[in-house]
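The values are calculated or read from the model by the stated rules, or taken from the named source; none is laboratory data. In this text, all values refer to a predicted model and were calculated from it rather than measured experimentally. Note that each Cβ is placed from the backbone with ideal geometry, even for glycine, and that neighbours are counted across all protein chains shown.
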Amino acid sequence: MNKVFFAILFSLISTAAIAQIPGQRRSTLTKTIPADSLSYLNPKDYIIGGITISGAKYLDKDVLLQISKLNKGDRINLPGEANANVIKDLYKQGLFDDIHLNVTGINMDTIYLEIAVVERPRLSRLKMTGIRKGEIEDVTKKLSDKTGKIVNENLLSTTTAIIKKHFNEKGYLNTTVNITQVKDPGDPNSVILNVAIDKKTKVMINDVTFEGNKDFSQAKLRKYLSKTRKRRWYNLFGSKKFKQDKYEEDKQNLVDKMQAAGYRDAEIISDSVTRHDDKTVDVKIKVYEGHKYYFGDIKFSGNARYPAEILTRVLSIEKGTVFSEDELTKRLSGPTPNDDDVSSLYLNDGYLTFNADPVQTRIHNDTVDLDVRIYEGPQYTINRVILKGNDVTNDKVVMREIRTKPGQKFNKALLIRSAREIGQLGNFDEQKTEPRPTNINPSEGTVDLVYNVVEKPSDQIELSGGFGGGQLVGTLGLTFNNFSLRNLFNGKAYRPLPKGDGQKLSLRGQSSGRTYQNFSFTFSEPWLGGKKPIYFALSAYTQGSSTGQYYAKTDSRYNNLRINGVGITLGKRLNWPDNYFQLNYSLNFDHYNLDNYKGYLFDNGTSYNIKLTQEFSRNSVDVPLYPTSGSNIKLTLQGTPPYSLFNHTNYNVATQAERYHFVEYYKVKFDAQWFTKITGKLVLMSQARFGYLGQYNSKVGPSPFERFKLGGDGMQSYQFLQGTDIIGMRGYENFSVVPVGSSLNANSNQGNAIYNKYTFELRHPVIASQSATIYMLAFAEGGNVWDNISQVNPFNVRRSVGLGARIFLPIFGLLGLDYGYGFDKLPGQPDANKGHIHFTISQSLSGGFN
């Protein structure tokens, strides 16, 4: 009653005060009061004369006015719902600790309002405890966008959720997060969040069980959960940690696999993850299998370019086959391993906008009939080919590798092939080479093709030291993979050497001082003349060895070897049998000068090796660094002139110097690699190698050069073996594999006339990026050597297994580390097999046989 009386009295006094001053335009109310302090017994309509915002330091005042929905000139009834709604709408934003709507003045029926706010503090930084420094850095990166934001319930909850998710993904399912706020002494309107994190222990999966399955066994369904595996000692590769995101992926994969097996109605009815103990959980999934379905009649409609008979043959799904939408999609739209799907048939014939929509027209019993509705669209012709991203390499070097030319029909296979050829140049990141159609014009039937490339470092340096032949050997090698000979005298083109024309220049030196020197030079041009893919290479080398010391009393002699050689190669790409083939011819001249030097079939004299080599090869691997598909096959035929037919030398009484003055032989080598994707990124590399060194005339005897040495890492290192094929076989010492019954050892091994070798290697990448490529491998190898064809048994091999890793760094090339264990003992060499560590550097990439 008192409150009502006071309100009435306040209202009367205010009205009387205003009335006492004629013509007064301003309210005698000069004191700021809350809007809801006006009389609720006598609410009144006012016109808003103005609105001010007070207390806002960081927020936009105009935006706050929009949120309040108060506008100058609007009518407002006070006190009433209006003032309550203003405060409610602003509180919804979660930006304020306190909000008041005040009256700053009243003039007749015009009212002046003030919105007084107290902003919530902002986050200045996070202070995390309970986890390691590296983990703090990882979590901080994920929360970096929180700094400077308003500290409200939403920020606290999202911060907690992000931290928990981070550790859940690592198997810490019971992670707890406790957040407290502390004022920042440096900023009164900011706070520091103290985040106490307790990861607990990693949660493992105790068991995974299924309910409702009849045709699928428990073991079969568990296989479909590749990333949610129960804890078993033999489970080496599948994750045993429970990770929610991986579990969600696995559930979808489970349904997909069941449906792919013909159970098109399969679904997960329910699932649960329950605590088994402090460290483990149990996963239980209830499934519905439904019926198993089969393909029925498959018809095509809308097809004009290809008749139904051809499309049926390409689709390759027969009536009665287990129904699988996944298989149907692959056969219609790809991708398929050999690009033999229906989509590729059309896309390789210019139908860029082709689409196939399979419609289930009838389901009777367990059979599904389909109508594949084809939209062919127009046949497109290439208008322009555009290249982007080649900052160093000249346009012509890339454009000449592109097989999609203006005026041709659009062809998906040629688009993919062009991307492969660009990657084979070695100057661009294969993972980022992106060809794509653009400016598609249906009315004119034209399309532009854009090839986006990303340059990568391609030059390599080899700087190493090693111990071989009883002494320290240093090596310096420089390889420039994008050299430009035409700019050799253009000072502005040096970066640090002229680059951009796709040529290759290699310089290499190896020395241990006076006792051993080896220097080599190679230059190659893949497009001699610039108009056709004519391969040209020029090489030269010289190496020498000098050991021993001359003593007059004992007549000891120096052991000297000097080898000089030059070679030239011409090659051509072939279009038959297909355009992956290459034919190369090489002519080489090698000069050997031996002075009391052991290691060949003769010790003293001068020998000349003039050889002509024909190499017929096919390389279809998809990328050079980490091939996942394709093959690399090479057949090499090599021979010298048959000097014994016309030099009139009597080889029955000939000396070593006469017998080997002009060495004669013929040689056949076959090398092949196949790359097969097993699952995911796991790749199997299968390799077979064979070599045979023959002679024209049995009276001349075997050639002292061009022989085969098997065993070890396959690197020549400190070996004076130009003219000798070095074939690595891990698990054995270098050159230690000798024929059965031989008394030779690695040091006295002069090589053999025949060899074969087989390799199976499983590879899985760790990192695949522009800056580095790293992959792990497991291998099994077998190989052997023989001296004549009658002894050859391709199944009698020395065996080894092992593990290894390969690291490719653009500046250093390919580095390798392997541990191999050889199972078979070698005659006279008790330590040549068993466990060996092999280190390799600057070996070839794809196309290299080791």
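What number goes with the only condition from (1) within 30 Å of residue 622 (Cα to Cα); (2) at pLDDT 90 or above that residue 486 does not pass? Evaluating residue 486 over (1) within 30 Å of residue 622 (Cα to Cα); (2) at pLDDT 90 or above leaves (1) as the failure. Condition test on residue 17, is it surrounded by fewer than 18 Cβ atoms within 10 Å (Cβ to Cβ), modelled with pLDDT under 80 and more than 22 Å from residue 154 (Cα to Cα)? Yes.
Yes/no per residue for (1) more than 22 Å from residue 368 (Cα to Cα); (2) at pLDDT 95 or above; (3) not assigned by TED's automatic domain parsing to the domain that holds residue 405:
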residue: 299; (1), (2), (3): no, yes, yes
residue: 302; (1), (2), (3): no, yes, yes
residue: 309; (1), (2), (3): no, yes, yes
residue: 315; (1), (2), (3): no, yes, yes
residue: 323; (1), (2), (3): no, yes, yes
residue: 326; (1), (2), (3): no, no, yes
residue: 337; (1), (2), (3): yes, no, yes
residue: 344; (1), (2), (3): yes, yes, yes
residue: 352; (1), (2), (3): yes, yes, yes
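Would you call residue 98 outside the structural domain of residue 156 (by TED's automatic domain parsing), in a strand (DSSP E or B) and exposed (fewer than 12 other Cβ atoms within 10 Å of the Cβ)? Spelling it out, it is not the case that residue 98 is outside the structural domain of residue 156 (by TED's automatic domain parsing), in a strand (DSSP E or B) and exposed (fewer than 12 other Cβ atoms within 10 Å of the Cβ). Residues to consider are 627, 642; find the one that is farther than 23 Å from residue 520 by Cα and either surrounded by fewer than 17 Cβ atoms within 10 Å (Cβ to Cβ) or out of contact with any strand residue (DSSP E or B) (no Cβ under 8 Å at 6 or more places or on another chain) (or both). Residue meeting the stated conditions: 642.
Inspect segment 288-298 for any residue being in a helix (DSSP H, G or I) and surrounded by 18 or more Cβ atoms within 10 Å (Cβ to Cβ) and give the result as yes or no. No, segment 288-298 has no match at all.
Within the span defined as segment 677-689, one or more residues are among the β-branched types (Val, Ile, Thr) and modelled with pLDDT of 95 or more. For segment 457-481, filtering for residues that are modelled with pLDDT of 80 or more and in contact with a Leu (Cβ under 8 Å, 6 or more places away or on another chain) leaves 9.
Of the candidates 59, 70, the single residue that is touching a strand residue (DSSP E or B) at 6+ places or on another chain (Cβ under 7 Å), under 30 Å from residue 156 (Cβ atoms) and either modelled with pLDDT of 75 or more or not in a loop (DSSP other than H, G, I, E, B) (or both) is 59. Note on segment 399-428: residues that are acidic (Asp, Glu) and surrounded by fewer than 19 Cβ atoms within 10 Å (Cβ to Cβ) total 1. Exactly one residue among 54, 144, 68 is of a type outside the set (Phe, Trp, Tyr), surrounded by 13 or more Cβ atoms within 10 Å (Cβ to Cβ) and within 30 Å of residue 185 (Cβ to Cβ), and that residue is 54.
For segment 730-787, a residue qualifies if it is aromatic (Phe, Trp, Tyr) and either surrounded by 15 or more Cβ atoms within 10 Å (Cβ to Cβ) or at pLDDT below 85 (or both), and the qualifying residues are 732, 735, 755, 758, 775, 779, 786.
For the residues 136, 131, 163, the requirement of being of a type in the set (Val, Ile, Thr), part of a helix (DSSP H, G or I), closer than 24 Å to residue 277 by Cα and modelled with pLDDT of 90 or more singles out 163. In segment 180-198, the residues that are more than 19 Å from residue 119 (Cβ to Cβ) form Cβ pairs under 8 Å with partners that are hydrophobic (A, V, I, L, M, F, W, C) and assigned to a loop (DSSP other than H, G, I, E, B), at six or more places apart or across chains, as follows: 197/131.
Reported count of residues in segment 445-456, each being assigned to a loop (DSSP other than H, G, I, E, B) and either within 20 Å of residue 395 (Cβ to Cβ) or free of Cβ contacts under 8 Å to residues at least 12 places away in the same chain (or both), is 3.
Name the single residue, out of those in segment 35-50 being out of contact with any Lys or Arg (no Cβ under 8 Å at 6 or more places or on another chain) and modelled with pLDDT under 70, that is surrounded by the fewest Cβ atoms within 10 Å (Cβ to Cβ).
Initial filter on segment 35-50 (out of contact with any Lys or Arg (no Cβ under 8 Å at 6 or more places or on another chain)): 35-37, 39-44.
From what is left, the residues that are modelled with pLDDT under 70 are 35-37, 39-41.
Numbers: 35: 23, 36: 16, 37: 13, 39: 16, 40: 13, 41: 11.
Top of the filtered list is 41.
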